[in-house]
Number of protein chains: 2
Amino acid sequence: MGTGTRRLRADAEQNTARILEAAAKVLAADPSASLERIGEAAGLTRATVHRRFASRQALLEALAAQLNQRYVDGLERSCVDNPSPREVLLRFTEAVFELKTTHLFAMELVGTDCATGLSPEVVAGIERIFARLRAAGEITETGDRWCRRVYLALLHEVHLLPGDAAELRKRSRAELVVGSVLGALGGMPGQG
Amino acid sequence: MGTGTRRLRADAEQNTARILEAAAKVLAADPSASLERIGEAAGLTRATVHRRFASRQALLEALAAQLNQRYVDGLERSCVDNPSPREVLLRFTEAVFELKTTHLFAMELVGTDCATGLSPEVVAGIERIFARLRAAGEITETGDRWCRRVYLALLHEVHLLPGDAAELRKRSRAELVVGSVLGALGGMPGQG
DNA sequence: AGGAAGTGCGACAGCCGTGTATCACTTAAT
DNA sequence: ATTAAGTGATACACGGCTGTCGCACTTCCT
């Protein structure tokens, strides 16, 4: 997937970005929205969408690839300064919350597993966090896949939680996620 | 929604059941499967599907209604003999696992909330279980909606877990769900 | 300024799902 | 056994989305 295709003109490249952005927004509201609607939301024509992405499938894959890239960015940014594993999880959770607002559709598209489109690199990164949590005694569960799935599931549920929910009065959304996950995986969520 | 429509012939009634059953199976594999495929799976023609259900929408609603009924059945059966709240949750979880095998599509259709089609009766039933768990000191979280969502989310994740996963070596799927949920909601999951 | 790249517009063909209707035939009900 | 109900088969109209043209026009690049 390198820069094998000869480079696009500057405005054209910008338009592909617009399309991806518009697709993320429109598909989040309606997963079966037509390319027409996506193009419209991008201020472009359906024909142009087809010029950038040969098929609907190609557009979806590009969307998934973009999401995976954001995931690895989030993972890297969560690890700078070598904080405690719990702090890493907290930072990463906040990063994913931001992704939920812009890439909600793509996240449901790639799911929570390699088999469904989530990058192996991302999977490994998340599981590494839980390995560190385990080494630090924050959790007792030993299944990497299980830890990751519980985490992503609870993260998603918190995202669906209304902003004024009682659970969020004293702690942030990320803190609620981390506390719940550690509790679910056999830790002492109350300590901080 | 009573028996307002004059009663069908016996075989016709049986066919509606076949259609619902086939729809549950086919749509679980492909949520956007056509009525043609559903009818085929039921051993019937698309025309007959349309005779029983005026529109695709109507079929989906019937599917959701059937699921809600199974939910309340499961709730009732979980409460006979007045067992401990934890035991109630365990029984109900097992009932839902069975539903996952037959009504997977419908469950994702109705979601985890009244707003999306889950019956208020079912919501109240589930939240009642958690109120009892709270009264018994098994959990500390106080938000009914939050408890319910965490529960259904983790239940779903366990269902997705491969049957030979390490987490299931010493405890059943339902026990894994209950343990994880109680931990996530501020309890001591290790106790039996 | 000149040429190339990109876009808008419109049109077309193809496909698939939905919903309705008709008619001959089979089946349950009493 | 007779009657009404239900079904299969087939056809049709309708609408929507996809993918691909061609052509005139605008925009960037150098």
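Every helix of 4 or more DSSP H residues in chain A counts as -39500 (n - 2.57), and over all residues that averages to -21500 deg cm²/dmol at 222 nm. In the assembly of identical copies, B:Pro31 has its label point, taken 7 Å from Cα in the direction of the beta carbon, separated from the corresponding points by 0.2 nm (ascending, one decimal). The separation of the stretch B:58-127 from the stretch B:142-192, counted between C-alpha centres, amounts to 16 Å. Within straight-line reach of A:Lys25, meaning a Cα separation under 18 Å, sit the following aspartates and glutamates at least 8 residues removed in sequence or on another chain: A:Glu36, A:Glu40, A:Glu61, A:Glu98, A:Glu108. Here r is the Cβ-Cβ distance between A:Ala131 and B:Thr45 and R0 is 45 Å; the resulting FRET efficiency, rounded to 0.05, is 0.20.
Could you point to the residue in A:Gly186, A:Thr116, B:Ser55 farthest towards the positive end of the protein assembly as shown's charge dipole, with +1 and -1 charges on the Cβ of Lys/Arg and Asp/Glu respectively? The listed residue farthest towards the positive side: B:Ser55.
Rounded to the nearest 20, the Cβ-based charge dipole of the protein assembly as shown about its Cα centre (Lys and Arg +1, Asp and Glu -1) stands at 600 debye. The mean number of partner chain beta-carbon atoms within 10 angstrom of a residue's beta-carbon across peptide A:162-168 is 3.
For the protein assembly as shown, the Kirkwood radius over C-alpha pairs fed into Stokes-Einstein at 25 °C and 0.890 mPa s yields D = 106 µm² per second. Position A:Lys170: other-copy label points at 3.1 nm, ordered by increasing distance, label point 7 Å along Cα→C-beta.
Values in this text are rule-based calculations from the coordinates and carry no lab data. The structure displayed is predicted, hence computed values, not measured ones. Don't worry about glycine lacking a Cβ; one is built from the backbone with ideal geometry, like all the others, and counts go over all protein chains shown.
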